[in-house]
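Visitor: For reference, the structure I am asking about is given below.
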């Protein structure tokens, strides 16, 4: 799903108050991380993630990989944190 600039801006403003719900550690992105991200996206649609200091990936690389594996769209990457979005077609929670 490609987001327009206005949609991405609206989602970025929503990210400001979100807590980090997924952390990528020194193991990188494995099957469990992908499953957890998928479940979080299904429940929340918009999630904020962080990349640990010992992780083998940068935040941008981690966001790209998670988006590819979960079908999500990247919203923003700032420092060691990033946010991704995927609409829940059955029960949408965020209208953009």
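Visitor: Taking 0.36 nm per intervening residue step and subtracting the Cα-Cα distance, what contour gain separates residue 95 from residue 4 on full extension?
Guide: Details: separation 91, 0.36 × 91 = 32.76 nm, distance 1.35 nm.
Using 0.36 nm per residue and subtracting the Cα-Cα distance, I get 31.4 nm.
Visitor: Measure nothing but the geometry: give the 0 to 90° angle between the long axis through the Cα atoms of 5-15 and the longest principal axis through the Cα atoms of the chain, rounded to 10°.
Guide: Around 60 degrees separate the two axes.
Visitor: Sticking with this one: Defining a contact as two alpha carbons under 8 Å apart and six or more residues distant in sequence, what relative contact order in percent does the chain show? Don't skip to the end; give the middle numbers.
Guide: Values: 150 pairs, mean separation 30.1, N = 96.
Reported as a whole number, the value is 31 percent.
Visitor: In the set (1) 5.6; (2) 6.3; (3) 5.9, which value of mean projected area of the Cα convex hull in nm² was calculated from the structure you see?
Guide: Label of the calculated value: (1).
Visitor: With springs only between Cα atoms under 10 Å, which of 72, 43, 62 fluctuates most in a Gaussian network model of the chain?
Guide: Top of the fluctuation ranking is 43.
Visitor: Could you work out how far helix 31-44 tilts from the main Cα principal axis of the chain, as a 0 to 90 degree angle to the nearest 10?
Guide: 20
Visitor: Quick check: from the Cα gyration tensor, does the stretch 41-96 come out rounded (a/c under 1.5), prolate or oblate?
Guide: Details: a/c = 2.63, a/b = 2.15, b/c = 1.22.
Prolate.
Quick note: the coordinates plus some simple rules give every number you see, no bench work behind them. Everything numeric in this text was worked out from a predicted model, so none of it was measured.
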